[in-house]
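S.K.: Before we start, here is the structure in question, set down as structure tokens.
The values are calculated or read from the model by the stated rules, or taken from the named source; none is laboratory data. Keep in mind that this is a model prediction, so the values were computed, not measured. Using ideal geometry, Cβ is built from the backbone for each residue, glycine included, and neighbour counts are taken over all protein chains shown. What goes into the accessible areas is simple: the full protein's heavy atoms, side chains included, and nothing from ligands, DNA or RNA. Shrake-Rupley method; radii C 1.70, N 1.55, O 1.52, S 1.80 Å.
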Amino acid sequence: MKLPKAGHRFRKTVRISQLELLAELHRAPTLSAAAKVAGVAQPAASRLLKTLSDVLGIPLFEKVGRAIRPTPAGHIMLQRAATLIADLDRIEEELDAVSRGLVGNVSLGAGIASCYVLVPDGLQRLLNSPAKISVSLREGGMDELCTMLREGKIDLLVGRFEDKTGQGDLVAEDLYDPPMRIVCGAKNPIARRRNLAFADVLERDWLLPEAGTPMRAGIEALFRGA
């Protein structure tokens with residue numbers, strides 16, 4: 001279905017409550033769950049979505065049993081609404097920062113590994129500089145943080161990608177490439193041996209990084225390669 005030309009009709013008629021509902025629906029599994037978080041009753045939420053569809057002249061959702069499913073246009077609206085609401089929240093944060101005498105506000109996401117040295121060192125350098133910038137830090141898994149970066153909820157992400165080729169829509173810069181070392185206790189029978197083969201250590205007990213982390217993936221690749 002072709003979207004009719006609306007000029008600035010959407011800009012003039014869309015309501016913040018509609019965008020808030022769409023932003024919550026982008027994350028929530030059902031309309032009732034999104035309506036609850038947005039602070040509206042489910043019937044009112046249904047009316048908000050229908051009104052928006054009527055204004056645009058294109059279906060945004062379709063019924064599948066008792067649930068609703070976004071159309072291709074609906075998927076676009078969900079993503080854009082989440083970004084717009086995140087931008088509005090950021091504006092509020094930045095205005096609050098200015099009112100408190102700060103120059104700006106930066107939201108930083110950090111993977112678990114980068115929280116140990118790289119991010120604390122960077123924040124310390126910032127605190128020692130003349131710049132007055134408020135920094136909020138969010139720690140978490142890379143998948144979750146990448147989603148937040150795409151939605152505009154954070155400005156910058158410092159972490160370790162296992163495969164950057166799958167992040168083509170993000171601009172990535174290599175900061176460092178730390179080496180990986182496998183260590184054993186000083187009293188381990190193989191500690192003083194030289195020219196170890198992989199078979200010599202394969203049957204030993206291993207303490208591995210948490211599953212799903214880039215470090216664990218690197219060790220699993222080492223096993224597969226051997």
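S.K.: Of the residues V98, V135, which is open to solvent by 30 Å² or more (accessible area, probe 1.4 Å), free of Cβ contacts under 8 Å to residues at least 24 places away in the same chain and in contact with a strand residue (DSSP E or B) (Cβ under 9 Å, 6 or more places away or on another chain)?
M.R.: V98
S.K.: Also, quick follow-up: Pick from the stretch 18-31 the residues that are open to solvent by 30 Å² or more (accessible area, probe 1.4 Å) and in contact (Cβ under 8 Å) with a residue 12 or more places away in the chain: which of them is nearest to M77 (Cα to Cα)? Break it down into steps so the answer makes sense when it comes.
M.R.: Restricting attention to the stretch 18-31, the residues satisfying the condition of being open to solvent by 30 Å² or more (accessible area, probe 1.4 Å) are 20, 24, 26-27, 29-30.
With the extra rule that they be in contact (Cβ under 8 Å) with a residue 12 or more places away in the chain, the set shrinks to 20, 24, 26-27, 30.
On the way: E20: 11, E24: 12, H26: 9, R27: 13, T30: 16 Å.
Per the criteria, the residue is H26.
S.K.: Just checking, which of G225, G111, G159, G141 is under 30 Å from R27 (Cα atoms) and out of contact with any helix residue (DSSP H, G or I) (no Cβ under 8 Å at 6 or more places or on another chain)? Outline the logic, then answer.
M.R.: Working: G225 fails: under 30 Å from R27 (Cα atoms); G111 fails: out of contact with any helix residue (DSSP H, G or I) (no Cβ under 8 Å at 6 or more places or on another chain); G159 fails: out of contact with any helix residue (DSSP H, G or I) (no Cβ under 8 Å at 6 or more places or on another chain).
None of the other options fit; the residue is G141.
S.K.: Of (1) under 25 Å from R27 (Cβ atoms); (2) modelled with pLDDT of 85 or more, G168 satisfies all except one. Which?
M.R.: Here G168 meets the rest and fails (2).
S.K.: Another question about this same structure. Can R47 be described as over 19 Å from D155 (Cβ atoms) and not β-branched (V, I, T)? Break it down stepwise before answering.
M.R.: Numbers: over 19 Å from D155 (Cβ atoms): yes; not β-branched (V, I, T): yes.
For R47, the condition - over 19 Å from D155 (Cβ atoms) and not β-branched (V, I, T) - is met.
S.K.: On to the next question. Does R90 meet the test of being open to solvent by less than 80 Å² (accessible area, probe 1.4 Å), part of a helix (DSSP H, G or I) and of a type in the set (D, E, K, R)? Outline the logic, then answer.
M.R.: Values: open to solvent by less than 80 Å² (accessible area, probe 1.4 Å): yes; part of a helix (DSSP H, G or I): yes; of a type in the set (D, E, K, R): yes.
So R90 passes the test.
S.K.: Something else: Only one residue in L60, L78, L48 is open to solvent by less than 30 Å² (accessible area, probe 1.4 Å) and over 26 Å from the mean Cα position of the chain (by Cα). Which one?
M.R.: Details: L60 fails: over 26 Å from the mean Cα position of the chain (by Cα); L78 fails: over 26 Å from the mean Cα position of the chain (by Cα).
The unique qualifying residue is L48.
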